[in-house]
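A short write-up of the structure that comes next.
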Amino acid sequence: ARDEGRGKQAIELLQGEGLNPSFHPLDINSQESVEKLRDYMKEKYGGIDVLINNAGIAFKDTATESFGEQATVTLRTNYWNTKQACDILFPILKPGARVVNMSSCFGFLGCFDKAENQAKAVEIKAKFASEELQYAELDELMRKYEETANAGTHKENGWLDSNYSMSKIGLSALSRIQQRELGKDPTRPDIVVSHVHPGYVATDLTSHKGPLTIDRGAESTVFAALLPPNTDTRGAFIWHDCQIVDWVNGPTPPLT
């Protein structure tokens, strides 16, 4: 957590449930903060067994910032700095580690079927869907979206009219690349990366409008974090009820 007070308050609540967690400050928008966490985890625990990338933001409908500004800020946290945090922390993942990236139903690739310019959207969708997509190519896609969003030309160029959705599609695509690349490391076998949709949960991000409790919303994340050794479920898009969804082809189950 960025807020030490809220982090320690969460620790007290968990201790009241008989658990014994520890708190360490983390702001993924600060490279130094992520590096401090990396050093702490390496020194105290020898690395990381489970990494859950849960940081994320979404602008409210009442936000007064321009669409382009919202795009830059949203992608900074939800894509670019989440990716940077992974780059810093992945080298200390232990063999058999589990990584869970918090995506969304709006991170489903089929959302492109709602794009205004379908001719161009189909081309963009195919690039995201490619099993050979590289980090640099994904970065370029995200940069192009941000550029057109700031220019006000994103819809006519085939992109979605949602910064949050585009940030989560980018994160899901990133998860698939991460799984592929980590799977090539013979020195650290059985590392699994999942991207999950937690459901419409009553949190600050949803203005507490979601019907699902926080405990219920955590189910898919816990499922992904506890996937058994040598599981066949790798790089999967996991729905809130823990069913595996084809991220490229769907279909999408009910949202809640």
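A few comments on the model shown:
- The chain, accessible surface, carbon-and-sulfur percent (1.4 angstrom probe): 51 percent
- Members of Lys36/Lys94; Lys114/Lys168; Lys125/Lys184; Lys83/Lys127 lying beyond 22 Å, as alpha-carbon distances in this model show: Lys125/Lys184
- Peptides ranked, highest mean first, by Cβ atoms within 10 Å: ranges 117-128, 214-225: 214-225, 117-128
- Correct option for Cα extents along the principal axes in Å [calculated from the coordinates] among [x] 142, 53, 36; [y] 52, 44, 37; [z] 57, 51, 37: [y]
- Solvent exposure of His195, expressed as accessible area, is near 0 Å², computed with a probe of 1.4 Å over the protein chains only.
- Close amide-amide hydrogen proximity is noted between Val99 and Leu51, Val192, Val193, Ser194, each under 5 Å apart and 5 or more residues distant or on a separate chain (H modeled in the peptide plane; Pro and chain starts excluded).
- Surface per residue (accessible, 1.4 Å probe) for the stretch 33-192, Å²: 46 Å²
- Rounded to the nearest 500, the 222 nm mean residue ellipticity of the chain from helices alone is -12500 deg cm²/dmol, with -39,500 (n - 2.57) taken per DSSP H run of at least 4 residues.
- Across the options Pro189, Tyr164, Thr203, the greatest Cα extent toward the positive end of the charge dipole of the stretch 161-218 (unit charges at beta carbon of Lys, Arg, Asp, Glu) belongs to Pro189.
- Sum of side-chain charges, Ala97 neighbourhood, beta-carbon under 9 Å (Lys, Arg +1; Asp, Glu -1): +1
- Sequence ranges 54-63, 12-21, ranked by mean other-Cβ count within 10 angstrom, highest first: 54-63, 12-21
- An ellipsoid equivalent to the stretch 62-161, defined through the eigenvalues of its Cα gyration tensor, has semi-axes of 26, 18, 12 Å when rounded to whole angstrom and sorted largest first.
The values are calculated or read from the model by the stated rules, or taken from the named source; none is laboratory data. None of these values were measured; they are calculated from a predicted model. So basically every Cβ, Gly included, is an ideal-geometry build from the backbone, and we count neighbours across all protein chains shown. Only protein heavy atoms, including side chains, enter the accessible area calculation; ligands, DNA and RNA are left aside. Shrake-Rupley method; radii C 1.70, N 1.55, O 1.52, S 1.80 Å.
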